[in-house]
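In what follows, a single structure is set out as structure tokens and then discussed.
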Amino acid sequence: MGRRNITHVSDFILMGLTDSEEIRLALCTLFLLIYLITVLGNVGMILIIRLDSQLNTPMYFLLSHLSFLDLSYSSVITPKTLDNLLTSNKYISHLNCFIRMNFFIFLAATECFLLSSMAYDRYVAICNPLHYLVVMSTRRCCSILFGSYLIGFMDSFVNVLCMSRLHFCDSNVIYHFFCETPPIVALSCTDTHTTEIIISTFAGSTLLVSLIMVSASYVAILSTILKITSTSGKQKAFSTCASHLLAVTVFYGTTIFTYAKPSKSYSLGKDHVASVFCTLVIPMLNPLIYSLRNKEVKNALRRVMQKRKGPKQLK
């Protein structure tokens, strides 16, 4: 490679999703609506869990942090995407781009392991219900949460170390709508083979290990449910994990479909629909899944609303 006229790039250009002004306006309206629902849904879920004492359980403790992660990584991506759609300025500074990229990796990796931890929580609730509160103690929940954030930080830290070794000197055009690792690595004018292997290994390990944990938990859950003789008992057991199973299927299914591909597909700007679904739509869906399919959340919302109406009626 040599030292061939390396000029460090100070800005990147996010090409976005389309050049058509009409389509950009329509997408901006759609994404803004999705983001508003995401914010309202996740903030609402956190508030309901905090305000209703009957939701003070390990499952909802973890769920409140899932809502926090969804809200956070949607906020890392969506505002800049909306700005790019509304204005002709597609520039983003090198530092800003890398900060957003690594925050996204940190939050997404953390969510992977939080979802697998929630699968373990459902396993304990169904397979060992009498000792549920002992096994899923406050200390255990905090340890699970700390471990999830630590793994997310490790993935992000490895990404920082690998990306800091790259030089960008020829092109600064990112064929994507947000700063993501594969299309940025493709812009480097230095050898990226080792970097790609390290990043792919850590990202793949995170996804694979968490997916194995989820699969093992649900195999044990299914085995326990099949042993239940009564139909009502089976339905009750299944209802306790239905929402989480749906959320896990959507998250892992979309993630695998989006990222289990050759890196060249990212540099060519393809598969943006899958990326939009993974980064913008899923954070909106999770609170809807847990609220629409969960009677406890619906009842908690009614109790919170009644408490607010009570003092007003007294006045």
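Restricting attention to region 191-208, the residues being open to solvent by 40 Å² or more (accessible area, probe 1.4 Å), at pLDDT 85 or above and either within 18 Å of K90 (Cβ to Cβ) or not aliphatic (A, V, I, L, M) (or both) number 7. Taken together, S10, S53, S64, S20 contain a single residue that is small (G, A, S), without any contact (Cβ under 8 Å) to a residue 24 or more places away in the chain and open to solvent by 60 Å² or more (accessible area, probe 1.4 Å), which is S53. Residue under question is V124, and the condition is that it be without any contact (Cβ under 8 Å) to a residue 60 or more places away in the chain, in contact with a His (Cβ under 8 Å, 6 or more places away or on another chain) and within 30 Å of L222 (Cβ to Cβ); does it hold? Taking the combined requirement at face value, the residue satisfies it. Would you check if there is a residue in region 43-53 being small (G, A, S) and over 30 Å from P129 (Cα atoms)? No - not one qualifying residue is present in region 43-53. Looking at S164, S117, S148, S188, just one residue is of a type in the set (S, T, Y) and open to solvent by 30 Å² or more (accessible area, probe 1.4 Å), and that residue is S164. Among the residues making up region 88-114, those that are in contact with a strand residue (DSSP E or B) (Cβ under 7 Å, 6 or more places away or on another chain) and either open to solvent by 20 Å² or more (accessible area, probe 1.4 Å) or of a type in the set (F, W, Y) (or both) are K90, Y91, S93, H94.
Would you mind stating whether Y175 is closer than 22 Å to N286 by Cβ and open to solvent by 10 Å² or more (accessible area, probe 1.4 Å)? Answer is no for this residue. The single condition among (1) modelled with pLDDT under 90; (2) out of contact with any helix residue (DSSP H, G or I) (no Cβ under 6 Å at 6 or more places or on another chain); (3) surrounded by 16 or more Cβ atoms within 10 Å (Cβ to Cβ); (4) not β-branched (V, I, T) that L85 does not satisfy is (2). All conditions but one from (1) open to solvent by less than 40 Å² (accessible area, probe 1.4 Å); (2) under 17 Å from N102 (Cα atoms); (3) modelled with pLDDT of 85 or more apply to P182; the one that does not is (3).
Provide a single number: the residues in region 209-232 that are surrounded by 12 or more Cβ atoms within 10 Å (Cβ to Cβ) and either in a helix (DSSP H, G or I) or within 18 Å of the chain's Cα centre (by Cα) (or both). Walk me through how you get there before you give the answer.
Taking region 209-232 and keeping what is surrounded by 12 or more Cβ atoms within 10 Å (Cβ to Cβ), we get 209-211, 213-218, 220-222, 224-225, 228.
When the remaining residues are screened for being either in a helix (DSSP H, G or I) or within 18 Å of the chain's Cα centre (by Cα) (or both), the result is 209-211, 213-218, 220-222, 224-225.
Matching residues across region 209-232 total 14.
At least 2 residues that are closer than 30 Å to Q235 by Cα in each: list the helices (runs of 4 or more DSSP H) lying fully within region 96-199 that qualify. Outline the logic, then answer.
Details: elements: 132-135, 138-163, 181-185.
Filter on region 96-199 gives 132-135, 138-163.
In summary, F12 fulfils each of the numbered conditions (1) assigned to a helix (DSSP H, G or I); (2) farther than 22 Å from F202 by Cβ with the single exception of condition (1). Looking at region 234-252, which of its residues are touching a helix residue (DSSP H, G or I) at 6+ places or on another chain (Cβ under 9 Å) and open to solvent by 20 Å² or more (accessible area, probe 1.4 Å)? If the condition is that a residue be touching a helix residue (DSSP H, G or I) at 6+ places or on another chain (Cβ under 9 Å) and open to solvent by 20 Å² or more (accessible area, probe 1.4 Å), then K234, F238, S239, T240, L245, L246, V250 are the ones that fit.
The values are calculated or read from the model by the stated rules, or taken from the named source; none is laboratory data. Model, not experiment: these values are computed from the prediction. For neighbour counting, all protein chains shown are included, and Cβ atoms are generated from backbone atoms with ideal geometry for every residue, glycine included. Heads up: the accessible areas ignore ligands, DNA and RNA and are worked out on the full protein's heavy atoms, side chains in. Shrake-Rupley method; radii C 1.70, N 1.55, O 1.52, S 1.80 Å.
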